[in-house]
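Okay, so here's the structure we're looking at.
Just so you know, all these numbers are worked out from the coordinates, no wet-lab data involved. Treat the numbers as computed from the prediction; the structure is a model and nothing was measured. Quick reminder, even Gly has a Cβ in these numbers, built from the backbone with ideal geometry, and neighbours come from all protein chains shown.
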Amino acid sequence: MTDTTGDRLTRAAAPMRLAVVGCGAVAERYHLPALIGRRDITVTAVVDPTPARARAMASRLPGSVAMSDHRDLAGHVDAALVTAPNAWHESISVDLLRRGIHVLVEKPMARSVDECDRMAAGAAASGCVLAVGRDFRHFPVAQFAAGFFAERPLGPIRSVDVRQNAGMRWPAVSTGEISREGGGGVLINFGVHVLDLLLWWLGDMRAVAYRDDAHGGVEAECECELELQDGTPVRVDLTRRRPMRDTIIATCERGTIELGMFEPAMIRLRVGGAGPVVEGTVPDLEFERAPLRTVFARQLADFVAAIREGRAPLVPASDGRRVVALVSSCYARRQRLGRPWDFPQAFATAAKGGQPDA
């Protein structure tokens, strides 16, 4: 049958059939609200190896069916949102891509560069879109920062300092969230957001030194010393153990900019070393009404548009791989993150009658 322009437009306008693969906390808390009520997407299947979780999520998405195996999706969906634990990102995504199903995979793209490369090869072979979930890129302040750093109105960057609390509680429904095999440390499980923003805004960087508190498990706190291509130092401190200021400060030749993505969502500018401080944010009524639902909805909209328009998504596989490569480079330089109150240093300090360092 002749494929007329009208036929193509009708199919393009029809809702895309989507499967959610993995019914854990991130799917329930963040993706589900963004999926409900969409006109460009119809969730037709929900997949989880635990049937009760699949059925519970399917009950909240009218018209969807609960399944236990993602390999049964071929022919029933056009695209899939992979929200399974990190250890299964590569295997599930490759299976789906080989079956001609477009994939939006949650962060991190995978646990290693080799896994990322297999995913990218699967997308290239099938011609499918492979997008990586980076909801932070859709935050209004992040979009502003991308333009700001492209223009460099304060001149060359002299240093970057990031202090970010990654959240001290997360309602995980599987042990993959906190296992080394599952890629559950704070750097790869949350730090990929921060590193992705820095790479997006500032370009490639390399790891110089890295310290964390893993001690054989997964890290809850880490310190990364990085460098931009021109040698500019970048410091990134991440923690799940204590509060931090949760901002990114870039010191430039003619002033300083401080950015908070969400809490606080703000931009603070100082021109010159002792000039006045100007503080504000990026007006966005939709974001202000429902921040997380908005950014996840925009991420989905970009994924659908990339498929229909035959273009790259905002975060393609190459960007996902770049972050994983930087994380891997940090881990390769791992040293112990010692604290004055840690055993046995605290006992050594007490024995000398001294005070721990600040």
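Quick notes on this structure:
- Cα coordinate range in segment 136-287, projected on the principal axes (Å, largest first): 47, 39, 24
- DSSP bridge orientation in the chain - percent antiparallel, rounded to nearest 5: 55
- Estimated vicinal HN-Hα couplings, Hz - segment 195-204 in sequence order (Karplus 6.51, -1.76, 1.60; Gly, Pro = x): 5, 4, 4, 4, 5, 5, 7, 10, x, 4
- Evaluated over segment 270-334, the Cα radius of gyration and Dmax, each in Å: 18.5, 50
- As a proxy for reagent exposure, 93, 329 were ordered by neighbouring Cβ count within 10 angstrom, fewest first; the result is 329, 93.
- Taking one quarter of the surface of the C-alpha convex hull of the chain gives a mean projected area of 21.3 nm².
- Comparing 109, 261, 244 in a Gaussian network model of the chain, where Cα atoms under 10 Å apart are tied by springs, the biggest mean-square fluctuation is seen for 244.
- Mean Cα-pair separation over length for the chain, i.e. relative contact order, pairs under 8 Å, 6 or more apart, %: 17
- Note on 65, 327: ascending count of other Cβ atoms within 10 Å places them as 65, 327, the fewest first.
- For the chain, built as a Gaussian network whose Cα springs stay under 10 Å, the top-fluctuating residue of 115, 253, 223: 253
- MRE, 222 nm, helices only [DSSP H, n ≥ 4, -39500 (n - 2.57), over the chain, to nearest 500]: -9500 deg cm²/dmol
- Computed from the Cα positions only, the extents of segment 23-70 along the three principal axes stand at 28, 20, 17 Å, in decreasing order.
- Note: relative contact order over segment 136-287, using C-alpha pairs below 8 Å and six or more positions apart, is 30 percent.
- Length gained on full extension, residue 242 to residue 274: 8.5 nm, using 0.36 nm per residue less the C-alpha separation.
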